[in-house]
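The block underneath contains the structure these notes are about, expressed in structure tokens.
The values are calculated or read from the model by the stated rules, or taken from the named source; none is laboratory data. Since the structure is predicted, the reported quantities are computational estimates derived from the model, not experimental observations. Because the Cβ atoms are built from the backbone with ideal geometry, glycine has one as well, and the counts that use them run over all protein chains shown.
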Amino acid sequence: MPGVKNRKLMFWLDGHWSGDGTAQGFCNTPIMKELKAIKDNGITDAVILVDDICCFHPDMDEIAEIALGYPTVHRLKEELLSINPNYQIIIYGDIAIAWPSHYHIEVSPLIQALTISRFYDDQLIDEALFQAEASIATETTAPELEALWDMCTWHFGWHRAYPYFWYSLSLFSQKRYGEAADNFGHVLDAGYQHWRVYWYKALAEQRAGRNPSKTLEIMRTKQPEVSVALEFMDSI
């Protein structure tokens, strides 16, 4: 990197172990060492793309061996901002993209909302998260809904957690509540069993004319403070 640091650069970071047929180094992913190398060389204005964000999910109840040892996306964001505190960062599909703010790239409201949702830190529940996921549930257009479904079809197993979560939320915008409830089930089956997934599933069940009591009972074991959940209901 010292020989190219004064040129315009884009880093595509995808050098991780992916199971049979791929090489495994000293760990499953070298991402934090890669970002440190960029930082240590004083490269602060490169575009950085980090692939396979689905692996950055240590909060999953079950996760495959290939995804062990990954940092959270929140920690990834912190490391990117340590390179350049003015980086703009989004989640686009299964890729995190960071670029210098002077590029003035316009990002759609849906991508902004997905980014806030994906960078959610379980230690910090704030209005921005409520607003972002409410906008996914109320403002997603038909073409965007189709694009979210495409994300679900090219993922599998635990990879599907967030694509199915977002797709299920977006079905509210079409008033397809029965489908939303069923697809929230796919989110839970994929291993992402956060309390708000149960809460949204219960809302979808109720609006589809189903009995949400069992779903709500499970949610209460994960989030006894129901007032937090009620904020979600008010927002959508």
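Tabulated data for the structure shown
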quantity	calculated
Matching residues, the stretch 87-103, being buried (at least 16 other Cβ atoms within 10 Å of the Cβ), in a strand (DSSP E or B) and in contact with a Leu (Cβ under 7 Å, 6 or more places away or on another chain)	ILE89, ILE91, ALA96, ILE97, ALA98
Per-region count, the stretch 65-84, residues surrounded by fewer than 16 Cβ atoms within 10 Å (Cβ to Cβ), over 19 Å from GLN112 (Cβ atoms) and modelled with pLDDT of 95 or more	1
Selection from the stretch 34-44 of residues that are in contact with a helix residue (DSSP H, G or I) (Cβ under 8 Å, 6 or more places away or on another chain) and either in a helix (DSSP H, G or I) or surrounded by 15 or more Cβ atoms within 10 Å (Cβ to Cβ) (or both)	LEU35, LYS36, ILE38, LYS39, ILE43
